[in-house]
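Read through the structure below, which is laid out as structure tokens, and then see the notes.
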Amino acid sequence: MNASAQFFNPFPGKPAPLKISGLMQLCPTVLHKLLGAAHSTIHAESGTTALFKAANRALLTQKFPPKLLRRVSDSIPMEHENAALFRAAIAGDIEAQAVLEGMGSWESSHPLVPEKTRYRTKARIAIERAAMRPHFLASESRFGEAIDHMMADPLLSLFLWDEAVAVFRRTAEFEKLRIVQSSLVLETELSALAALDVELCREGVEPVDSMFRPLLPGSATATSNPAKLLFLWFKAEFGLTSIENILSHPRLLKLELAEATLKRWSSGTNCISEEMYGEMVSALAGDELHIPAVSRHWAARVLNLIGYLGQHCSTHARALAATDFPRAAAPWPEYPFGYASFEEWCQARYPYWLEYHRQQIQRFDAHKVPPRRNTDVGAMVSDISVTSRD
């Protein structure tokens, strides 16, 4: 594709590095921040807002004071799978404390989410646990051992391609690994989105094979980004024909929508806020939680985030092409698995992950995440200096 979609910075404000949990996933705090008001609302309704904020701070440092652990323990329903573990650790059980210390950011934050364990959550925890050992090896500059471990792992090996493996093998400093980590993060987050997609379809939210695939850049035109594609879906879903039609719609008049806001959304230069989007959907559908619409809004924002991350890395790598260090940003400027553009990459890899998760979710009831080994260490939190803003 000659033309390419452009992505906007999803975090307005002061620039700050994106946090990576472990080796290859965004830290939960990044996605919590992207989710914004909805996540705050969930915790406000369950009375856990202050606890959620305190836990977010702890996740960034991976330090959990006893007082915080007691608050977490008290907030976990007795039937939760980690309730007994937290209570035992707080009571002084050394083995239970060691298990908690060995948890990564996704697993340790899971008890704070007021819902039962979902397939998409277990899929993330499985990756987190599997990546702990190679992340530890890499942190000790044992890069060859780390990549050998990943290639031998039946789960982690799915995220690897020849150039990523080669970069691992020639890396001499852990800090230099950040570049290939950013590429692994893209692949992992695309897989995580596919897991959510498959789970929602399996639950019958909509009678379709994929809710999110039409939001992938390249699905309509080469230059349509996820925000613009969401706008096109929104119009079609609710029988709207234009911005003028939206502004004059009887059910939307009371919202006093700004034409400039809708123009930015329709052009893909920004995405409509979650609050305004929710009000529009509620007015048109008569449903405060219209799951098909709300889920697509989330998917569009995630795709924009990883698109912006990829756009930043690829642009930086291309700028190095004319210098004395043309491969200093390898595996960039190519996207994971050697694709030349974001569109080509996600159009090829998203169907792969859809099919993978369709097969895995069939075994969800018996799905077990990899057992934690005594040699495992907690997933460290690190930075990618790209997009997040405080």
### Task
Considering each of THR269, THR241, THR261 in turn, give the residue that is of a type in the set (S, T, N, Q), in a helix (DSSP H, G or I) and surrounded by fewer than 16 Cβ atoms within 10 Å (Cβ to Cβ).
THR261
### Task
Output the residue which, of all residues in region 272-293 that are surrounded by fewer than 19 Cβ atoms within 10 Å (Cβ to Cβ) and among the aliphatic types (A, V, I, L, M), is nearest to the chain's Cα centre (by Cα).
ILE291
### Total residues in region 208-218, condition surrounded by 16 or more Cβ atoms within 10 Å (Cβ to Cβ) and in a loop (DSSP other than H, G, I, E, B)
6
### Message
Here are the criteria: (1) in a helix (DSSP H, G or I); (2) modelled with pLDDT of 95 or more; (3) more than 21 Å from the chain's Cα centre (by Cα). Tell me which single one LEU230 does not satisfy.
### Response
(3)
#### Entry: Within region 155-179, considering residues that are touching a helix residue (DSSP H, G or I) at 6+ places or on another chain (Cβ under 9 Å) and closer than 19 Å to LEU305 by Cβ, the one surrounded by the most Cβ atoms within 10 Å (Cβ to Cβ)
PHE159
### Message
I'd like to know if region 353-362 contains one or more residues that are modelled with pLDDT of 95 or more, under 20 Å from the mean Cα position of the chain (by Cα), under 20 Å from ALA300 (Cα atoms) and of a type in the set (A, V, I, L, M, F, W, C).
### Response
yes
#### Entry: Subset tally (residues that are within 25 Å of ILE20 (Cβ to Cβ), at pLDDT 70 or above and assigned to a helix (DSSP H, G or I)) for region 71-111
9
### Message
Tell me yes or no: at least one residue of region 275-291 is of a type in the set (Val, Ile, Thr), under 29 Å from GLY204 (Cα atoms) and out of contact with any His (no Cβ under 8 Å at 6 or more places or on another chain).
### Response
yes
### Message
Looking at (1) modelled with pLDDT of 90 or more; (2) surrounded by 22 or more Cβ atoms within 10 Å (Cβ to Cβ), which one does ASP148 not meet, given that it meets all the others?
### Response
(2)
### Message
Let me spell it out: the conditions are (1) part of a loop (DSSP other than H, G, I, E, B); (2) crowded, with 20+ Cβ neighbours inside 10 Å; (3) of a type in the set (A, V, I, L, M), and VAL205 meets all of them except one. Which number is the exception?
### Response
(2)
### Query
Checking ARG57 against (1) closer than 23 Å to SER182 by Cα; (2) at pLDDT 70 or above, which single condition isn't satisfied?
(2)
#### Entry: Single residue of region 194-209 satisfying the filter (touching a residue at least 12 places away in the same chain (Cβ under 8 Å) and acidic (Asp, Glu)) that is farthest from PHE364 (Cα to Cα)
GLU206
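The values are calculated or read from the model by the stated rules, or taken from the named source; none is laboratory data. Owing to the predicted nature of the structure, the values given are computational and were not obtained by experimental measurement. Because the Cβ atoms are built from the backbone with ideal geometry, glycine has one as well, and the counts that use them run over all protein chains shown.
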